[in-house]
1. Report the label-to-label distance for residue 335 and residue 288 in nanometres (one decimal), using points 7 Å from each Cα along the Cα→Cβ vector.
2. When the dipole is taken about the Cα centre of the chain, and only Lys, Arg (+1) and Asp, Glu (-1) are charged at their Cβ, what size is it in debye, to the nearest 20?
3. Ranked from highest to lowest mean number of other Cβ atoms within 10 Å per residue, what is the order of the peptides 186-195, 91-100?
4. How high is the relative contact order of region 211-276? Use alpha-carbon pairs under 8 Å, at least six apart in sequence, and give a whole percent.
5. Under unit Cβ charges (Lys, Arg +1; Asp, Glu -1), what dipole magnitude, rounded to 20 debye, does region 27-91 have relative to its Cα centre?
6. Within straight cross-link reach of residue 137, meaning Cα distance under 18 Å, which aspartates and glutamates are found once same-chain residues fewer than 8 apart are removed?
7. Run the numbers for residue 21 and residue 80: contour at 0.36 nm per residue of separation, minus the present Cα-Cα distance, in nm.
8. Quote the relative contact order of region 97-226 in percent (integer), defining contacts as alpha-carbon pairs under 8 Å separated by 6+ residues.
Amino acid sequence: MPQQVRGVIAPGKNEPVRVETIVVPDPGPGEAVVKVQACGVCHTDLHYKQGGINDDFPFLLGHEAAGVVESVGTGVTDVAPGDFVILNWRAVCGQCRSCLRGRPQYCFNTHNARQKMTLTDGTELSPALGIGAFAEKTLVAAGQCTKVDPTVSPAVAGLLGCGVMAGIGAALNTGNVSRGDSVAVIGCGGVGNAAIVGARLAGASKIVAVDIDDRKLATARAMGATHTVNSLTAEAVEAIRSLTGGYGADVVIEAVGRPETFEQAFYARDLAGTVVLVGVPTPDMKLELPLIDVFGRGGALKSSWYGDCLPSRDFPMLVDLHQQGRIDLAGFVTETIALDEVEKAFERMHEGDVLRSVVVF
C-alpha cells in the first residue's frame with residue numbers, strides 16, 4: 001500500500017523549500033521504490049527552485065542520491081529488494097535509434113516512473129530529473145537504479161548520480177582528454193572540480209583551473225589542478241594561453257554555463273581544440289560568436305549531458321577506483337546535513353562556502 005514519508009518540495013518560483021509529507025505509491029510495472037540513504041544538494045536543484053528548468057511546480061527536489069531498493073514492480077529483473085544502488089536520470093530505453101546504433105549514452109528516450117508521487121491532498125509532484133530524492137523514499141523507474149559495491153559510503157556514492165559524474169564524464173567521455181593533453185577548467189564548483197579529477201585520471205599533463213574565488217581555486221589544486229587563475233585579477237584567456245606555450249589548451253571545459261565564460265573557453269583553446277560545455281545555462285541566455293572564428297579555429301564545440309555517461313558502465317568503475325584510493329570522491333563532501341537543512345544548504349552554495357552538502361538519512 002502507498003507509504004507516507006518526509007520530502008523536500010519547492011512550492012513555487014524562488015519560494016523557500018519546505019519539508020512536507022509525501023505519498024509514495026507501490027511500484028508498478030518496471031518501477032522500484034528506493035529507501036534513500038544520502039542525497040547531494042546539487043545546483044540543478046537550485047535551478048528547479050528558481051524556475052530555471054520549467055514551471056511544473058511543486059517540485060520534489062533531490063536527484064544526486066544512493067540508497068537501497070525496498071520493493072520492485074512486475075517485470076523488473078535487473079535489481080531486487082536489498083540491492084544498494086545509485087540513482088541515475090538517464091535510464092536508457094534500448095530501443096531508440098541511438099541505442100540501436102550502439103550509443104546508449106545518448107539515448108533519446110530515457111524514462112522515469114509512470115506513477116506520480118503526491119502530497120497528502122493529492123497534488124501531483126514533479127520529481128527533479130525524474131528522481132525526487134530529498135525524501136526518505138522515492139519511486140523511480142527500475143532502470144534508474146544502478147547497482148554498485150555496497151561497502152561504499154552512500155554520501156560518496158550518491159554524488160555520482162549527477163555532479164561528480166557530469167564533471168568526470170565531461171573530461172573522459174565528452175572531451176576525450178588523453179595522456180599529455182593540456183586542459184583548462186573554467187568554474188571550480190563541484191562539477192568543475194570533478195572535471196579536474198577526470199582530467200588527472202586521463203593523464204593530462206597540465207590542468208589549469210579558473211575561478212573568481214580563491215577558496216575554490218585552493219580546492220581545485222588539491223583535486224589535481226597544476227595551475228590556478230583568478231579571473232578577477234588576471235585575464236583568463238591570456239593566462240591560459242601563457243600557461244600552454246601561447247597556444248591555448250587542448251581541451252577547455254566550461255563548468256559555469258554562461259555566455260561570457262563560454263566565450264572565454266572558446267578563445268582559450270588551441271587551434272583544433274575542444275570546448276566542452278557542462279555548466280547548465282538558463283533558457284534566456286544567448287551566445288554570439290563571429291562565425292568566421294568558429295570556422296577558422298576548427299576543432300569541436302560540444303555540450304556534455306551527464307558527462308555522456310552510461311551509468312551501468314561508469315558508476316561501478318568509478319566506485320571501484322574510489323575504493324582502491326585512486327580517486328578521492330569523499331573529498332567532494334563538505335558537510336552532511338539533515339533533510340530540513342536544504343534551504344540553508346542552498347544559501348551556502350550561493351555563497352560558495354561548500355563543494356557539496358549531502359543530506360544523510
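1. Spacing of the two 7 Å Cα→Cβ label points: 4.1 nm.
2. 920 debye
3. The peptides rank, most packed first, as 186-195, 91-100.
4. Dividing the mean separation by the residue count of region 211-276 yields 27 percent.
5. Around 80 debye, computed over region 27-91.
6. Qualifying aspartates and glutamates at Cα under 18 Å: 20, 26, 31, 45, 64, 70, 83, 124, 340, 341.
7. 18.6 nm
8. 16 percent
The values are calculated or read from the model by the stated rules, or taken from the named source; none is laboratory data. These numbers were taken from a predicted model, which means no experiment stands behind them. All Cβ positions, even for glycine, are placed from backbone atoms using ideal geometry, and neighbour counts span all protein chains on display. When the accessible area is computed, the model is the full protein with side chains, heavy atoms only, and any ligands, DNA or RNA have been set aside. Shrake-Rupley method; radii C 1.70, N 1.55, O 1.52, S 1.80 Å.
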